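The values are calculated or read from the model by the stated rules, or taken from the named source; none is laboratory data. Note that the coordinates shown come from a computational prediction; the quantities given were computed from them, not determined experimentally. Methodologically, a virtual Cβ is constructed for each residue, glycine included, from the backbone with ideal geometry; neighbour enumeration extends over all protein chains shown.
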Amino acid sequence: MEIALVNISKRFNFNWLFRDLNHYFQSGSRTVLLGSNGSGKSTLLQILAGYATVSEGTISWKISNEIIAADKLYQHISLATPYLELVEDFTLREHIEFHFKLKPILENLTTAEILLLSGLEDKADTRIAYFSSGMKQRVRLLLAILSDTPLLLLDEPSSNLDEKATRWYQDLIARFGLQRTIVVCSNSVIAEYAFCTEQLDLSKR
């Protein structure tokens with residue numbers, strides 16, 4: 001997926017997060033959004049996902065030179081954020097099966113294969129409500145990375161992950177994530193975005 005930002009600005013009340021931002025995300029690019037707290041990283045990620053609108057300027061999404069309407073964008077993106085709610089009454093197995101009724105799955109993976117990839121197979125029939133914050137973050141990342149979509153958006157992906165789980169995330173990205181456009185929002189945690197080849201620093205706006 002290609003994304004073009006042309007002179008975009010975002011304002012909340014009388015405060016501008018960023019102004020006149022221009023950037024082009026090439027298809028297959030891997031970009032990290034950097035900047036201090038309050039610089040607008042997460043808001044820009046929401047704009048890229050089509051969940052938030054710009055105050056000024058234009059944004060466009062294309063796949064194979066075909067423009068994607070904002071109201072159809074959800075079909076083409078996967079998003080993982082620490083604040084993304086999971087269905088806590090579901091078991092891990094149920095959540096995986098539910099998610100992949102809504103999103104296409106990479107490589108025709110089976111539920112059993114996904115459970116093995118999660119590293120949480122011993123918790124397959126445990127309700128999400130009983131998962132730790134780190135385990136929930138693993139589930140968010142697992143579902144997003146294994147969804148067969150051309151755009152993958154990750155907001156602070158190593159949040160609540162210990163060193164072992166961070167390595168798991170890096171391995172999952174290396175195996176399944178690098179063939180699409182990826183945007184990572186990070187507070188300069190290199191382990192989150194070591195695979196990225198481009199940077200967009202919002203603190204310089």
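May I ask you to verify whether Leu84 is under 28 Å from Leu5 (Cβ atoms), within 17 Å of the chain's Cα centre (by Cα) and outside any strand (DSSP E or B)? Judged against the criteria, Leu84 is a match. Restricting the first member to the range 70-81 and to residues that are under 23 Å from Ser158 (Cα atoms), and the second to residues that are in a strand (DSSP E or B) and among the hydroxyl-bearing types (Ser, Thr, Tyr), the beta-carbon pairs closer than 6 Å and six or more apart or on different chains are Ser78/Ser147.
Ile173 - would you say it is closer than 27 Å to Ile47 by Cβ, of a type in the set (Val, Ile, Thr) and either at pLDDT below 95 or surrounded by 15 or more Cβ atoms within 10 Å (Cβ to Cβ) (or both)? Here the answer is yes, as Ile173 does meet what is asked. Here the range 116-135 is the region considered, the condition is being farther than 20 Å from Leu84 by Cα and within 21 Å of the chain's Cα centre (by Cα), and the residue that is surrounded by the fewest Cβ atoms within 10 Å (Cβ to Cβ) is Gly119. Residues that are closer than 30 Å to Leu161 by Cβ, surrounded by 15 or more Cβ atoms within 10 Å (Cβ to Cβ) and more than 14 Å from the chain's Cα centre (by Cα) within the range 46-72 comprise just one, Trp61.
The condition of being closer than 30 Å to Asn13 by Cβ, in a strand (DSSP E or B) and free of Cβ contacts under 8 Å to residues at least 60 places away in the same chain holds for only one of Thr31, Thr53, Thr58, Thr43, that being Thr58.
Please work out which residue is farthest from Arg127 (Cα to Cα), limiting yourself to the range 70-103 and to residues that are touching a strand residue (DSSP E or B) at 6+ places or on another chain (Cβ under 7 Å) and among the charged types (D, E, K, R). Of everything passing the filter in the range 70-103, Lys103 is farthest from Arg127 (Cα to Cα).
Each residue in the range 179-196 was checked for being of a type outside the set (Lys, Arg), in contact with a strand residue (DSSP E or B) (Cβ under 7 Å, 6 or more places away or on another chain) and either under 22 Å from Ser147 (Cβ atoms) or not in a loop (DSSP other than H, G, I, E, B) (or both), and 10 pass.
State all residues of the range 87-103 that are outside any helix (DSSP H, G or I) and either at pLDDT below 95 or of a type in the set (Lys, Arg) (or both); if no residue qualifies, say none.
Within the range 87-103, the subset outside any helix (DSSP H, G or I) is 87-91, 103.
Listed by number, the list holds a single entry, Lys103.
A Cβ distance below 9 Å, combined with a sequence gap of six or more or placement on separate chains, defines the contacts here; from the range 90-103, residues that are surrounded by 17 or more Cβ atoms within 10 Å (Cβ to Cβ) and aromatic (Phe, Trp, Tyr) reach residues that are at pLDDT 95 or above and in a loop (DSSP other than H, G, I, E, B) in the pairs Phe100/Leu109; Phe100/Leu146.
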